[in-house]
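Here is the structure we will look at.
The values are calculated or read from the model by the stated rules, or taken from the named source; none is laboratory data. Please read these numbers as outputs of a predicted model, since none were measured by experiment. Cβ atoms come from the backbone with ideal geometry, glycine included; neighbour counts cover every protein chain shown.
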Amino acid sequence: TEPFTIAIDGPAAAGKGTISKAVAAHFNMAHLDTGLLYRAVGARMLSGEDAVTAARALVASDLDNDSLRTQAVAQAASQVAVIAEVRAALLDFQRAFARRAGGAVLDGRDIGTVICPQAEIKLFVTASAEVRAKRRYDELVQRGQPADLDAVTADVKARDARDMDRAEAPLRPADDAVLIDTSDKTIDEAVAAAIAAVKKVK
Ligand code: C5P
């Protein structure tokens, strides 16, 4: 089968991850959560490594690590994500993944705008900051990580601001992206909206 790329971007905790996994499973495609690349580099920065060196040395097995799912690593990820050399070092891996036979779903912040501007379909998944903070809070609690809703809200807003305001590959919808606002949608409704948008072109 021909490569077919589904680009899914949006801010933190809008539902990208859930939607991406469900879309990939529905169409039997590979899925790459590109946030894990930045989280892996962020985690290495927190343990004292140089971010650019860490990005250049990154291997796929570095992404398979539950300790990347903390708020501290998320913040570190968004700090290393402003560095042009870090982004450049992660580019080829993402593009190669996107063109694999059978097609691929990539989710992140700049997939539709920078990594895969030729993607056959681009989705931009959003939700209000309050809804997103509550979801992230519930997720942390469920994972047994101590959390405070006000702190998580402040964290999500700080990370969004950094992601939107940076010079390199800022978070924004591609001109031809389909917008999906999940604020008032259940998971099933959000997934159905995403699958319907893909089916229009596939
Ligand atoms: O999606 P996730 O929350 O795991 O991403 C962590 C951070 O990595 C984001 O806040 C963002 O700064 C950065 N990121 C990025 N470009 C991507 C994916 C993630 O800059 N494609």
Segment 43-52, residues that are surrounded by fewer than 20 Cβ atoms within 10 Å (Cβ to Cβ) and within 22 Å of Val114 (Cβ to Cβ): Val52
Cβ-Cβ under 8 Å pairs, at least 6 apart or on other chains, segment 22-50 side modelled with pLDDT under 95, far side within 16 Å of the ligand (Cβ to nearest atom): none
Among the residues listed as Asp160, Asp150, the single one being in a helix (DSSP H, G or I) and crowded, with 16+ Cβ neighbours inside 10 Å: Asp160
Which listed residue, of Lys122, Lys134, is in contact with a Cys (Cβ under 9 Å, 6 or more places away or on another chain) and over 19 Å from Arg39 (Cα atoms): Lys122
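Regarding Ser61, is this residue within 28 Å of Pro146 (Cα to Cα), away from the ligand (no atom under 12 Å from the Cβ), at pLDDT 95 or above and not basic (Lys, Arg)? Can you show your working first?
On the way: within 28 Å of Pro146 (Cα to Cα): yes; away from the ligand (no atom under 12 Å from the Cβ): yes; at pLDDT 95 or above: no; not basic (Lys, Arg): yes.
Judged against the criteria, Ser61 is not a match.
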Positions within segment 98-140 being in a loop (DSSP other than H, G, I, E, B) and hydroxyl-bearing (Ser, Thr, Tyr), in sequence order: Ser128
Top-ranked residue of segment 1-40 - restricted to ones that are near the ligand (Cβ under 9 Å from one of its atoms) and assigned to a helix (DSSP H, G or I), ranked as nearest to the chain's Cα centre (by Cα): Gly35
Of all residues making up segment 74-97, the number that are over 14 Å from the mean Cα position of the chain (by Cα) and farther than 13 Å from Glu168 by Cβ: 6
Checking Lys122 against (1) basic (Lys, Arg); (2) closer than 25 Å to Asp66 by Cβ; (3) crowded, with 18+ Cβ neighbours inside 10 Å, the condition it does not meet: (2)
Residue under evaluation Gln145, criteria (1) touching a Leu at 6+ places or on another chain (Cβ under 7 Å); (2) exposed (fewer than 14 other Cβ atoms within 10 Å of the Cβ); (3) not in a helix (DSSP H, G or I); (4) not β-branched (Val, Ile, Thr), criterion not met: (1)
Among (1) under 13 Å from Gln79 (Cα atoms); (2) among the acidic types (Asp, Glu); (3) not in a loop (DSSP other than H, G, I, E, B), the one test that Glu168 misses: (3)
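Of all residues in segment 58-84, which are part of a helix (DSSP H, G or I) and either on the phi > 0 side of the Ramachandran plot or surrounded by fewer than 13 Cβ atoms within 10 Å (Cβ to Cβ) (or both)? Before you say what the answer is, go through the steps one by one.
First, pick out the residues of segment 58-84 that are part of a helix (DSSP H, G or I): 60-63, 66-68, 71-80, 84.
Once the filter is applied, which keeps residues that are part of a helix (DSSP H, G or I) and either on the phi > 0 side of the Ramachandran plot or surrounded by fewer than 13 Cβ atoms within 10 Å (Cβ to Cβ) (or both), segment 58-84 yields Ala60, Ser61, Asp66, Ser67, Ala72, Ala84.
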